[in-house]
Amino acid sequence: MRGEVANISKDAMFFALGWSILVLSWVIKEQRMKCIIRGGRHFVIGSVDKRIFGSFLEQFGRAVYGGVYEPTHESADEEGMRGDVIALVRELDVPVVRFPGGNYVSNFNWEDSIGPKEERPTRLDLAWRATDPNQFGLDEFMRWTRKVDTEAMMVVNLGTRGLAEARDLVEYCNHPGGSTLSELRRKNGADEPYGIKMWGLGNEMDGPWQVGHKTAHEYGRLASEVAKALKLFDPELEVIACGSSNSEMVTFPEWEETVLDHTYEVVDYLSLHMYFRNDEDDLATFLATSKRMDAFIDTVISVCDYVKAKKRSDKTMYLCFDEWNVWFHSNEQDKKLEPWTVGPHLLEDVYTFEDALVVGCLINSLLRHCNRVKIACMAQLVNVIAPIMTEDGGPAWRQTIFWPFYYASRYGRGEVLDIRLEVGTYENPTYGEVEWVDALAVHHKEERELVLFAVNRHPDEEISVTLDLSDWEAQVIEHITLEHEDMKATNTKEHPDRIAPKKRGGDGLTLAPLSWNMVRFTVKG
C-alpha cells in the first residue's frame, strides 16, 4: 500500500512538474510574442533632413548606359533618357543624387563630358576597367536631375586631380556668366547656373584600391585647401570630406581624426560608407547587421566630438552616409566579365526578400541617428546594386528593396521619437543580444500622424504590438506589410511583383513572422 501511495505521489509530482514546465514555456512564449513600444511627443531624437533618402549614380556598369540613358529605348525622350526609369525614380522621391562617383570619379576629367557629343573623347575607366564614351556627361546629368525633381551632389576628383580642377568645375557649374567657364556652360545650352550646393571632396581616399589613394595627412591637407577655395567662391556651399570606406579599414578611426584635424572648420559633413552581406547564408546574423551600422555611426560621432573638443570649437560636425546597401550577390558573376566594354553587367545584385528586411532595418538605423546623419545615399539607383532594374531595350521593374525605401521616403520625414522597446531577444554570436523587433517611430506634427516602421526578425512567431504613448491616443489608419514564405524570393522581369506591399487587417496590431511593416496612426491628445 505504501508503495502504491508512493507511486501515486511520484506520478502526481511528475505531472505537476510537467505542467509547470508547460505553463512556464507558454508564459515565456507569450512574453516573446509581445512588443511594447513606449514613447511620446516630448521624447524626440531629432528632425529628419529629407536628404537622408538620397541615392547615388556612378558612371559604371549599366547605371548610366542601359539604366538612366538609352537613346534607342522606346520610352527614351529627345535626350535619350529612359522615361520608365524617370517615372520610377520620381516614385521613390529621391531628394539628392550623388554623381559621378564613387571610384570612377578619381580618374574622371569633367571637361571630357561636356560640349558636342561627337567631339567628346572616349576614355578608359581604370576603377572598373570599362570604357566610357562620355555620351552622358555633366550637362546631361544636370538636365536629368530636373526631370526627376532632385538635387545634385557633385563629387570632385581628388585622386588624379586637385584644387585647380575643382575651382574650374564650380565656376562652370555655378557662376551666372561673364567668366570663361560660365560662358562655356551657356554655350553648351545651360544659360542659368546649376546652383549645386553639395560638394563631395573625392571618394574613399583611404582605400588602396582608389586611383590616387592618399594617406590621411595627404588627403586632409588637399581637402582643406579645396574646401577653402569652394567656400571662397560661395560660403553657402555644403562641403563633404571623405571618412573611412568602412569600419574594417585598418586606418579606422584614426583616419577620421587626422582628416578632421585638417578640415574641421572648413567642411560641413564627414562621409561614411558601408555595405552588408550574407555570404554564410545565416539569416539570424544577417537580420542583425543594422547593429553594425549603428556602431559605425556612433564611433564616427565620438571621433567628431573629440576633435570638436580638442579644437575648442562651437561647430557640430554632421554626417553624410553617402554609400550604403546590401552588396554580395553579383560577386562571382562579376569575375567573368570582359574588361573595357561600355555598360557591362557589373554589380547587378538581384535582391531577395530577406535583403528587403535588412534594408528596412538599415533605414531605421539611419533615421535613429537623424540628429547627426543629415544626408544619406543608397548605392546605387539603377541596375548597379540598386532598387530599380532594367533590361536593355526592355522593361524596368522594382527590386524587393525598392519598397522599404519607398515608404520610408514617403512617410519618414518628420520628428523621430526616442522610443523604448520591451520585446524578447535572441542571442547571436556576432552581435550579442538582438531584439526580435527593430522599430522606429516618426511623428508628423501638421498631419497629427505617427508612423511606425518595424521589422519582425522572428522566423516563426507573430508578434503583437502595444503602443504606450503617455500623452497620445493612437488609432490605426493603415498597416502596410511585406511578407513572403520564401526568404530567397526575388522580383524579376517575368514576375516584377512577386514581392509587393499589401495591406494587413485583423484585430489589433500584429507583425507577421519575418516581415517588414509600416503602420500609420492618427494621434490625439
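The values are calculated or read from the model by the stated rules, or taken from the named source; none is laboratory data. Since the model is a prediction, treat every value here as computed from it, not as a measurement. Reconstructed Cβ throughout: ideal geometry from the backbone, glycine too, with neighbour counts over all protein chains shown. Accessible surface areas use protein heavy atoms only, side chains included; no ligands, DNA or RNA. Shrake-Rupley method; radii C 1.70, N 1.55, O 1.52, S 1.80 Å.
Evaluate the following for Asp460: is it among the acidic types (Asp, Glu), closer than 30 Å to Arg38 by Cβ, out of contact with any strand residue (DSSP E or B) (no Cβ under 6 Å at 6 or more places or on another chain) and open to solvent by 50 Å² or more (accessible area, probe 1.4 Å)?
Working: among the acidic types (Asp, Glu): yes; closer than 30 Å to Arg38 by Cβ: yes; out of contact with any strand residue (DSSP E or B) (no Cβ under 6 Å at 6 or more places or on another chain): yes; open to solvent by 50 Å² or more (accessible area, probe 1.4 Å): yes.
Here the answer is yes, as Asp460 does meet what is asked.
Selection of the stretch 195-209 for residues being assigned to a loop (DSSP other than H, G, I, E, B) and either under 20 Å from the mean Cα position of the chain (by Cα) or surrounded by 22 or more Cβ atoms within 10 Å (Cβ to Cβ) (or both) yields Gly202, Asn203, Glu204, Met205, Asp206. When the criteria are applied in full, Val94 fails the requirement of being β-branched (Val, Ile, Thr), open to solvent by less than 60 Å² (accessible area, probe 1.4 Å) and modelled with pLDDT under 95.
Pairs are defined by a Cβ separation below 9 Å, a sequence spacing of at least 6 or placement on different chains, a first member in the stretch 458-476 that is within 15 Å of Leu417 (Cβ to Cβ), and a second member that is among the basic types (Lys, Arg) and assigned to a loop (DSSP other than H, G, I, E, B); the pairs so defined are Leu469/Arg41; Ser470/Arg41; Asp471/Arg41; Trp472/Arg41. Checked against the criterion of being under 27 Å from the mean Cα position of the chain (by Cα), in contact (Cβ under 8 Å) with a residue 60 or more places away in the chain and over 21 Å from Ala379 (Cα atoms), the stretch 162-178 has at least one qualifying residue.
In the stretch 211-229, is there at least one residue being in contact with a Phe, Trp or Tyr (Cβ under 7 Å, 6 or more places away or on another chain) and modelled with pLDDT under 95? Within the stretch 211-229 (the criterion being in contact with a Phe, Trp or Tyr (Cβ under 7 Å, 6 or more places away or on another chain) and modelled with pLDDT under 95), the answer is no, since none of the residues qualifies. Among the residues of the stretch 113-140, the one identified as touching a residue at least 12 places away in the same chain (Cβ under 8 Å), part of a helix (DSSP H, G or I) and open to solvent by 20 Å² or more (accessible area, probe 1.4 Å) is Lys117. Just to be sure, is Arg398 within 20 Å of Val359 (Cα to Cα), of a type outside the set (Phe, Trp, Tyr), in contact with a Pro (Cβ under 7 Å, 6 or more places away or on another chain) and at pLDDT 95 or above? Taking the combined requirement at face value, the residue satisfies it.
Each residue in the stretch 141-194 was checked for being basic (Lys, Arg), under 28 Å from Gly220 (Cα atoms) and open to solvent by 70 Å² or more (accessible area, probe 1.4 Å), and 1 pass. Pairs are defined by a Cβ separation below 8 Å, a sequence spacing of at least 6 or placement on different chains, a first member in the stretch 401-413 that is under 10 Å from Phe453 (Cα atoms), and a second member that is among the aromatic types (Phe, Trp, Tyr) and surrounded by 23 or more Cβ atoms within 10 Å (Cβ to Cβ); the pairs so defined are Pro404/Phe453; Pro404/Trp516; Tyr407/Phe453; Ala408/Phe53; Ala408/Phe453; Gly412/Phe53; Gly412/Phe453.
Of Tyr318, Tyr306, Tyr275, all but one fail to be over 30 Å from Cys173 (Cα atoms) and either crowded, with 19+ Cβ neighbours inside 10 Å or more than 19 Å from the chain's Cα centre (by Cα) (or both); the exception is Tyr306.
The residue pairs whose first member lies in the stretch 350-372 and is charged (D, E, K, R), whose second member is part of a helix (DSSP H, G or I) and open to solvent by 10 Å² or more (accessible area, probe 1.4 Å), and whose beta carbons are closer than 8 Å, counting only pairs six or more residues apart or on different chains, are Glu354/Leu283; Arg368/Asp294; Arg372/Ile301.
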